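See below for the structure under consideration.
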Amino acid sequence: MSETKKTTKTTAAGGTFDGFTDDERAAMKEHAQELKKAARRSSAADKAADAERDVLEKIAEMADEDRVIAERIHAIVKASAPSLSAKLWYGQPAYAKDGKIVCFFQPSQKFKTRYSTLGFNDPANLDDGTMWPTAFALTELTAESEERISALVKQAAS
């Protein structure tokens, strides 16, 4: 779990609540900057190219263990679901369809966790009965896990 400090605030009624961690506040600020930057871009082609470049730059900034996994995830997503467009989402590499985030990669260093995460949002076509996983912990990628990720991404984007 994250070791950053949480802010505790007092409500008007005298109760207390836990606020966002420093890491959570930083992620929200990153997201606001991403939205502003995207709004300033001109054509759709420019937006897509710039968003892809932003994702690759973010991946390049990651610590070695996260970067290696993120580079492979990026390549798998691009090969398995070329219809998804890369973009940053709360400072994380993400992949969208029609502007909605389908899946994302959360590096372990983002919130100082012990593993990275491949997550899927509501637009992902992963429905399987009444219950299915939407996030997967990643500590390393093997040929088997890459195959599984490829299949999940294809299904999610369909």
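As a quick test, which of the pairs 29/97; 112/154; 37/100; 29/154 have an alpha carbon distance above 26 angstrom in this structure? Among 29/97; 112/154; 37/100; 29/154, the Cα-Cα distance tops 26 Å for 112/154; 29/154. Scanning the chain for trypsin sites (Lys or Arg not before Pro) in DSSP loops with at most 14 neighbouring Cβ atoms within 10 Å leaves 42-111 as the longest stretch between them.
Report the calculated FRET efficiency for residue 112 and residue 46 (r = Cβ-Cβ distance, R0 = 35 Å), to the nearest 0.05.
For R0 = 35 Å, the calculated efficiency reads 0.50.
Annotation for residue 142 and residue 75: the two label points, set 7 Å from Cα along the Cα-Cβ direction, are 1.9 nm apart. A DSSP coil position with no more than 16 other Cβ atoms inside 10 Å describes the following GluC sites (Glu not before Pro) in segment 91-158: 140. 3J(HN,Hα) couplings calculated from phi for segment 130-135 with the Karplus curve 6.51 cos²θ - 1.76 cosθ + 1.60 (θ = phi - 60°) are, in sequence order, 9, 7, 7, x, 10, 8 Hz; Gly and Pro show x.
Of all the options 83, 145, 116, the one that moves most in a Gaussian network model of the chain with Cα springs shorter than 10 angstrom is 145.
Overall shape of segment 20-157 was characterised from the C-alpha gyration tensor. The equivalent ellipsoid obtained from it has semi-axes of 22, 19, 15 Å, in decreasing order.
Values in this text are rule-based calculations from the coordinates and carry no lab data. Predicted model only: the values in this text are computed from it and were never measured. Virtual Cβ from ideal backbone geometry, glycine too; neighbours counted across all protein chains shown.
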